[in-house]
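Worksheet: one structure, shown below.
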């Protein structure tokens, strides 16, 4: 149901593309919700986020790749790594505690871009462990720090906060540990909806990449509808988003369009996306790897799939995240009734 209430994911989409090439998203200068170590003196600005959602039967595999741009007089780059820029921290709220964390292949999104390349129309016409759900009986108000997870260069601290006291304690911990504080209204939304917080740090002692393209992080969790965390970015500056959603059900793209998310066809009536309808076996191997070992997604391995590519520009500028009541989720077209 992607309405203003469960909208979210992506902001308005305007893209510029040419037939035979990928759609390019303009990068906006904005203060990122990504936080370098305090000693790093150069400003970091948000680049275009990229994301992939596999969804079936209440199960989601989410892959996120943030992006950034570092500029400044005296910035030193060696072997495509920024000297002194070794740590990056950001928050990812999710509706349930993930049970899998993995690094995704660095080529994942370039393979998806090729697979879903805009084309000219012929005519105009890891092993899972059970996740934990939060309930009123779990604990009193406050903060619970769950077991930290390390995956490649990523360190992930899952956190659960409850009530007003939990919100205050969590914001204090986030500020102290290099994640910045969360807006009071944004914090209240995630506390009220019982989200978990993934406090993620990426560390590479040799320096993080100068091009701002870090290795994607894959997270698996249960959810009753496909979701993408975007409200956490409210008030932190404009950014762009490119998002793929792969599911066995057809998404209602009229609703996503009304929220600012546009498909290739909605941007240009003379264009069409390659491989909108496909099968699991036809996906690029690095894309299949995301869902191949997730038993909850086994339904996707047989039959027809829908692969949607959405573009967004100016999220939290052209699309005002403060007006969104929930993180983005997608609604599916109703199945036709049989006689």
Next on the checklist: Checking the conditions here, which among 334, 326 is surrounded by fewer than 21 Cβ atoms within 10 Å (Cβ to Cβ), assigned to a loop (DSSP other than H, G, I, E, B), modelled with pLDDT under 90 and under 18 Å from the mean Cα position of the chain (by Cα)?
Outcome noted: 326
Checklist entry - What do you reckon, is residue 224 over 26 Å from residue 70 (Cα atoms), assigned to a loop (DSSP other than H, G, I, E, B) and out of contact with any helix residue (DSSP H, G or I) (no Cβ under 7 Å at 6 or more places or on another chain)? => result yes
Item to check | Segments classed as strands (runs of 3 or more DSSP E), wholly inside the range 56-103, with at least 1 members that are at pLDDT below 85 and surrounded by fewer than 20 Cβ atoms within 10 Å (Cβ to Cβ) | outcome: 68-70
Checklist entry - Of all residues in the range 108-148 being outside any helix (DSSP H, G or I), out of contact with any strand residue (DSSP E or B) (no Cβ under 7 Å at 6 or more places or on another chain) and modelled with pLDDT of 55 or more, which is nearest to residue 246 (Cα to Cα)? => result 117
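Okay, residues lined up against (1) touching a strand residue (DSSP E or B) at 6+ places or on another chain (Cβ under 7 Å); (2) crowded, with 22+ Cβ neighbours inside 10 Å; (3) modelled with pLDDT under 95:
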position	(1), (2), (3)
225	yes, no, yes
231	no, yes, yes
257	no, no, yes
261	yes, yes, yes
265	yes, no, yes
286	no, no, no
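The values are calculated or read from the model by the stated rules, or taken from the named source; none is laboratory data. Keep in mind that what you see is a predicted model, and the values were worked out from it rather than measured. As a convention, Cβ positions derive from the backbone with ideal geometry for all residues, glycine included, and neighbour counts pool all protein chains shown.
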